[in-house]
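The values are calculated or read from the model by the stated rules, or taken from the named source; none is laboratory data. All values derive from a computational prediction rather than experimental measurement. Every residue, glycine as well, gets a Cβ built from its backbone with ideal geometry; the counts of neighbours run over all protein chains shown. Note: accessible area is taken over every heavy atom of the protein model, side chains too, but ligands, DNA and RNA are not part of it. Shrake-Rupley method; radii C 1.70, N 1.55, O 1.52, S 1.80 Å.
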Amino acid sequence: APLVLVAELRAGRVLVAPARAETRGIEVLLSGGRRVPWWLGYSVSRAEDLIDGAWVPRSWDQRRALDAGLEYELGRWSLNAAASVHSGWPGTVVTVEQVGGQFVAVAGPRNALRLRSLRRLDFRVSRELAVEVGALRLFAELTNFTNRHNPCCLSYEEVTAGGGDPTLRAEER
């Protein structure tokens, strides 16, 4: 993507000015283990905006999430693994309509669509080094170890329909 110094000038940006915003939810967290500390968390939540009298999911709304992790320490070395699964991000469908003889892109209801759920497995190896004024921790991480294609958003490409009219093809990025 090209560098845009003023984000508001970037094509496709839309001002969202809700009358109110609200987040709510509950999380249960379990942890344990002495030799190999572990944790397991489950949350149910909502993050919504009040726009024109209707509650609309925020772009980072995740309704359900399950996270787990563990750590194993060997002296100054530490090995960590974390797994995460959560409901898909909201998205907005965009279509092409003919208005006054011209074809224009028209956004559907904001964030009315849900993308596929996200799943990832991450690993980290770290080492602590003693320095004169404390400690220094160096680490290497491997994110999304299974190389799963987790959708973040929708990207639209203009294509020509069978009758020669322009239309849009949505693709999860």
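Values for this structure:
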{"quantity": "Relative contact order (percent, whole number), the chain, Cα cutoff 8 Å, 6+ residue spacing", "calculated": "14 percent"}
{"quantity": "For segment 32-83: relative contact order, % (alpha-carbon pairs under 8 angstrom, 6 or more apart)", "calculated": "36 percent"}
{"quantity": "Normalised contact order of segment 104-173, rounded percent, pairs of Cα under 8 Å and 6 or more residues apart", "calculated": "26 percent"}
{"quantity": "Carbon plus sulfur fraction of accessible area for the chain, probe 1.4 Å, in percent", "calculated": "56 percent"}
{"quantity": "Lys, Arg +1 and Asp, Glu -1 on Cβ, resulting dipole of the chain about Cα centre, debye, nearest 20", "calculated": "580 debye"}
{"quantity": "Cα gyration tensor shape of segment 80-147, rounded if a/c is under 1.5, else prolate or oblate by comparing a/b with b/c", "calculated": "prolate"}
{"quantity": "Loop sites in segment 35-64: trypsin sites (Lys or Arg not before Pro), DSSP, at most 13 other Cβ within 10 Å", "calculated": "Arg35"}
{"quantity": "Probe 1.4 Å, protein heavy atoms only - accessible area per residue of the chain in square angstrom", "calculated": "73 Å²"}
{"quantity": "Option label - Kirkwood radius over Cα pairs in Å computed here, alternatives (1) 17.2; (2) 20.2; (3) 18.0", "calculated": "(2)"}
{"quantity": "Positive dipole terminus of the chain, leading residue within Ala82, Cys152, Gly32 (C-beta point charges)", "calculated": "Gly32"}
